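The values are calculated or read from the model by the stated rules, or taken from the named source; none is laboratory data. Model, not experiment: these values are computed from the prediction. Virtual Cβ from ideal backbone geometry, glycine too; neighbours counted across all protein chains shown.
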Amino acid sequence: MSKKHAKHKPDSAPLHRRPSSAAWADEVGRSAKGSPGALDAHGWPQVAAPPGVVVCRPGGLCDLAAIDPDGPASSDGKEAAIEALGRERVRIRDLQERLYAEHRRSLLVVLQAIDTGGKDGTIRSVFEGVNPQGCRVWSFKTPSQEELDHDFLWRYHHHVPGRGMIGVFNRSHYEDVLIVRVKDLVPEPVWRARYGLINDFERLLAHSGTVVLKFLLHISRDEQKERLESRLADPAKHWKFDPSDLVERRSWDAYQTAFQDALTECSTAHAPWYVVPANRKWFRNLVVARTIADTLEAMDPRFPEPAHDLSGITVPD
């Protein structure tokens, strides 16, 4: 063989460029050290839902029609809720800093609602003041051709928060058992099988250290009508109005059935569904923020120990 061809022999490649199982294992080992899964090392963070919020019991029927979208009549009122929300924001901000510094686990917040249900408003209100370096929001729109060429969970898994991060899904993998079902985009055996696949996906996340919080923002049909009319009446909100919203409104009952089935089939011990009465925005914002703050507190993230002994260090002039 000529010297020219000998240059291309596999054995002549630099050692550092070869695939190495040992190198891969070393890198993964360094990354995973001290990063236990949420279920294995910490257990599910047990959090009591705020009054008025319904936690769907795993294995039981979640009767959506029985949940009042106005929430409890005994709530303290708008002014008190706004003041309390400020305190919850501070809690989320401080706990998020600890979660980010600890770099061991993550939190995924899933928001679902019918059109005008308040997903955008909840995100703006609840996460005000949170360091954007430690929080990412993903709004899932109509899937692209590339996304459609993969399995239905592919585009969602790509945006799951990494260690130390809070991730927020504005719409989520549940669209593939909601709008897909209502619009008859795939056969029933296909979307029905997805309940189990979603549960497996969320169990994988929990096992890997991601705590999953799922909120359904529950509004009434009359409230949706008022919100759509307010968009029409305010020129500054015309950009938010889409005539197709009126077409979707005709499918109200079908969506309610689809939501109820998703809650019933996919509320689990490691990823329960929280149904939030959302007709009153101030109540919605407070209870979502409080549940997130309580969950982060139950996760108990802690600042890591310094990598070096700092006791004798002084900063020079």
Legend entry - Which listed residue is among the basic types (Lys, Arg), closer than 25 Å to Gly71 by Cβ and free of Cβ contacts under 8 Å to residues at least 60 places away in the same chain, from Arg221, Arg290, Arg280: Arg221
Inset, instruction - Would you mind finding the one in Glu83, Glu97 that is without any contact (Cβ under 8 Å) to a residue 24 or more places away in the chain and not in a loop (DSSP other than H, G, I, E, B)? - result: Glu83
Legend entry - Total residues in the stretch 141-198, condition β-branched (Val, Ile, Thr) and either within 14 Å of the chain's Cα centre (by Cα) or assigned to a loop (DSSP other than H, G, I, E, B) (or both): 6
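Per-residue answers, yes or no, for (1) at pLDDT 95 or above; (2) farther than 15 Å from Ile114 by Cβ; (3) of a type outside the set (A, V, I, L, M); (4) under 25 Å from the mean Cα position of the chain (by Cα):
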position	(1), (2), (3), (4)
Lys214	yes, yes, yes, yes
Leu217	yes, no, no, yes
Ser220	yes, no, yes, yes
Asp234	no, yes, yes, no
Asp242	no, no, yes, no
Glu248	no, no, yes, yes
Ser251	yes, no, yes, no
Inset, instruction - Select from the stretch 38-62 the residues that are surrounded by 13 or more Cβ atoms within 10 Å (Cβ to Cβ) and more than 24 Å from Gln256 (Cβ to Cβ) and write down the one among them that is modelled with the highest pLDDT. - result: Val47
Inset, instruction - Please verify whether the stretch 257-271 includes one or more residues that are surrounded by fewer than 17 Cβ atoms within 10 Å (Cβ to Cβ), hydroxyl-bearing (Ser, Thr, Tyr) and modelled with pLDDT of 95 or more. - result: yes
Inset, instruction - For Ala65, state whether it is surrounded by 13 or more Cβ atoms within 10 Å (Cβ to Cβ), in contact (Cβ under 8 Å) with a residue 12 or more places away in the chain and part of a helix (DSSP H, G or I). - result: no
Legend entry - Breaking point among (1) more than 20 Å from Leu178 (Cβ to Cβ); (2) surrounded by 15 or more Cβ atoms within 10 Å (Cβ to Cβ), for Tyr274: (1)
Inset, instruction - Check off (1) assigned to a helix (DSSP H, G or I); (2) touching a residue at least 40 places away in the same chain (Cβ under 8 Å) for Asp253 and give me the number that stays unchecked. - result: (2)
Inset, instruction - Please determine, by comparing only the residues of the stretch 111-124 that are out of contact with any Leu (no Cβ under 7 Å at 6 or more places or on another chain) and either of a type in the set (Gly, Ala, Ser) or not in a helix (DSSP H, G or I) (or both), which one is nearest to Lys240 (Cα to Cα). - result: Asp115
Legend entry - Val287 being out of contact with any strand residue (DSSP E or B) (no Cβ under 9 Å at 6 or more places or on another chain) and aliphatic (A, V, I, L, M): no
Inset, instruction - Those residues that are among the hydrophobic types (A, V, I, L, M, F, W, C) and over 23 Å from Ser106 (Cβ atoms), I need them from the stretch 174-208; list them, please. - result: Val177, Leu178, Ile179, Val180, Val182, Leu185, Val186, Val190, Trp191, Ala193
